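Shown next, in structure tokens, is the structure this report addresses.
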């Protein structure tokens, strides 16, 4: 049981009939052993953590995600938001498992055999700029006008050219996102189109898919990557815990 200087860290919810790898470790320094707190047909994956030490180091977040992502390859898991700590086993049951038992069990059953995959794609800068300059005469004219001239002397032209390039990338992104969605759709249970995290992002999707369909999804995206070779770089991450498809889990109280 936790002491006054320790708490119970929450990772996620799993079916009660699973077992935890005895070598699994949680967050903190030193990381605690991961165990299950069971209630009815569900269980919380937890570990003990010292509450007098800061939690939030990059290695803590990585440990949290690593455990959840490894779990989803074996059983359904509902991830709990990083950083959730309760006072002990009784609090895990009373504040999370008991009041939400039926809803959590239904969600686990819905996610059985499924995992999250993230499709990240980014434009090759030279390629997308070449497309925009070829398609927009004004952009090509401005590019030629500023070549070899100082920034101060061509400030207005540079600002306008930047606007045209940004607008051109956004227009291409809208088209290309629809294409990636269409490619993933036959293998998707649900999808979440994320906002671009970088000005050259082409498409950033979270896809909830059956793990049995993973290889088909991989092949479909490989085909698209070959079609877009030299224009867009595509990466597929997963299987991951279904972070984008689970309502934010918070203990009551």
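A short reminder: the numbers here are calculations on the coordinates, not readings from a lab. This is a predicted model, so every value here is computed, not measured. For neighbour counting, all protein chains shown are included, and Cβ atoms are generated from backbone atoms with ideal geometry for every residue, glycine included.
Put simply, the convex hull of the Cα atoms in the range 59-122 casts, on average, a shadow of 6.0 nm². Largest GNM mean-square fluctuation across 225, 140, 50, computed for the chain with C-alpha springs under 10 Å, falls on 140.
For the range 1-48, the relative contact order works out to 44 percent when only alpha carbon pairs closer than 8 Å and six or more residues apart are counted. Which angle between 0 and 90 degrees, to the nearest 10, do you get for helix 155-184 versus the longest principal axis of the chain when only C-alpha atoms count? It is inclined by approximately 50 degrees. Between residue 200 and residue 73, the C-beta separation translates, for a Förster distance of 25 Å, into a calculated FRET efficiency of about 0.20. Full extension of the segment from residue 124 to residue 215, taken as 0.36 nm per residue of separation minus the current Cα-Cα distance, would add 30.2 nm. Taking label points 7 Å from Cα along the Cα-to-Cβ direction, residue 19 and residue 101 give a separation of 2.5 nm.
Springs between Cα atoms under 10 Å define the GNM used for the chain, and in it the highest mean-square fluctuation of 188, 121, 150 occurs at 150.
Rounded to the nearest 10 degrees, the angle from helix 101-111 to the longest Cα principal axis of the chain is 50 degrees. To the nearest 10 degrees, how steeply does helix 214-227 sit against the main Cα axis of the chain, on a 0 to 90 scale? Long axis of 214-227 versus the principal axis of the chain: about 10 degrees.
Which one, [x] 194; [y] 170; [z] 125, gives volume of the Cα convex hull per residue in Å³ as derived from the coordinates shown? Entry [y]. Between the C-alpha center of the range 1-47 and that of the range 186-253 there is a gap of 28 Å. The label-point distance for residue 36 and residue 227, in a model that sets each label 7 Å from Cα toward Cβ, rounds to 4.4 nm. Using a Gaussian network model of the chain in which every pair of alpha carbons under 10 angstrom is joined by a spring, one finds that among 208, 161, 36 the greatest mean-square fluctuation is at 161.
What is the distance in Å between the Cα centroid of the range 115-139 and that of the range 82-96? Taking the Cα centre of the range 82-96 as reference, the centre of the range 115-139 is 46 Å away.
Principal axis extents of the C-alpha atoms in the range 115-244 (largest first, rounded to whole Å): 59, 27, 18.
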